[in-house]
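Structure first, commentary second.
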Amino acid sequence: MSSALQSKQHALDIKRNLLGEGHSSTAVSYYSLGLTQQEQGDWASALKSYRRTLDIRRKCFGEEHTITADSYHLLGTTQHQQGYFSSALQSTQHVLDIRRKLFGEEHLSTAASYHSLGVT
């Protein structure tokens, strides 16, 4: 295990112990761990970390929040990279639905979501 991965895993362990599994700061550590796993080519572990990030953020911020949409986007991108196109499409559709509700049809974030949906 690389030192970066070990450090991020250690940070996650500390946050889980101090703040709990469902804290938004713990979600940030899962996200950071997932980025490192992805950079190292461990897509399966990254996908698990991103799913956990999404689960926590949905509980902390609700389904209709920009940070939740961002988590769906990251999850969908990772699913797409791994060839899980059906799951990626569902995640990307969630992003679009959230952003349309929050920002409306005529917004750059909504346009980016339409683009991602088309790519998927």
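Give Ser3, Ser7, Ser25 a once-over and let me know the one that is farther than 23 Å from Gln79 by Cα and within 16 Å of the chain's Cα centre (by Cα).
Of the residues listed, the single one that is farther than 23 Å from Gln79 by Cα and within 16 Å of the chain's Cα centre (by Cα) is Ser25.
Give segment 30-80 a look and list any residue that's of a type in the set (Gly, Ala, Ser) and more than 18 Å from Leu12 (Cβ to Cβ), or say none.
Gly41, Gly62, Ala69, Gly76
Taken together, the values in this text are just the output of simple stated rules run on the coordinates, not laboratory data. Note that the structure is predicted; figures quoted are calculated from it, not measured. Neighbour counts run over all protein chains shown; Cβ positions are idealised from the backbone, glycine included.
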